[in-house]
1. For the range 41-98, rounded, prolate or oblate, judged on the Cα gyration tensor with a ≥ b ≥ c (square roots of eigenvalues), a/c < 1.5 rounded, else prolate if a/b > b/c?
2. Any idea which of 77, 114, 99 is furthest toward the positive side of the dipole for the range 63-127, if Lys and Arg beta-carbons carry +1 and Asp and Glu beta-carbons -1?
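No value in this document is a laboratory result; all are computed from the given coordinates. All figures in this text were calculated on a predicted structure; none of them were measured in a lab. Note that we place each Cβ from the backbone using ideal geometry, even for glycine, and neighbour counts take in every protein chain shown.
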Amino acid sequence: MYFCGSFDSPGSFRTFVGQGTKGSDIKEYAASKVLQATSRLGAVFTFENRTVTSRVGVSFISEDQACNNVNSQIREGTSLATLTANTRDAWNREILSKVTTTETDTTSLQLLYTSLYHMNLLPTNKTGENPVWSSPEPYYDDTFTLWDLVSLIPEETHFRAGN
């Protein structure tokens, strides 16, 4: 896994390699910019300011691809408030506005909209991000299915999907 990030505040970092995949034992703690390990690894950042804004991209392919991902998805200078508003607007416009319901029970509505949210997170579009092969074909995957969520919605909850 590769990542690329930027911060709006000066700071420093140290990297670490852990013992195994669990626990808090540290095998190595250094200032190396590149780490490779089959065990747990990470970085600790320290900043001069108490409030820091970051942009981070990830990729299965390369550091360059991680940088391309973050730069194409979150433009430099985009505020958290703008990003939050744009994301909320996209979810309301593209997903949540397509459902109507006569349900008034707050708990049932929360369950419905939470289920819709989670159903639309997967599968994830990872086109161009498969480290095993290169193909111009779309590539989607997920780590589990949501078939069992239907059983969580009470029978008396009625809703209808629209266009």
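1. Values: a/c = 2.45, a/b = 1.44, b/c = 1.70.
Oblate, because a/c is 1.5 or more while a/b does not exceed b/c.
2. Result: 99, furthest along the dipole toward the positive end.
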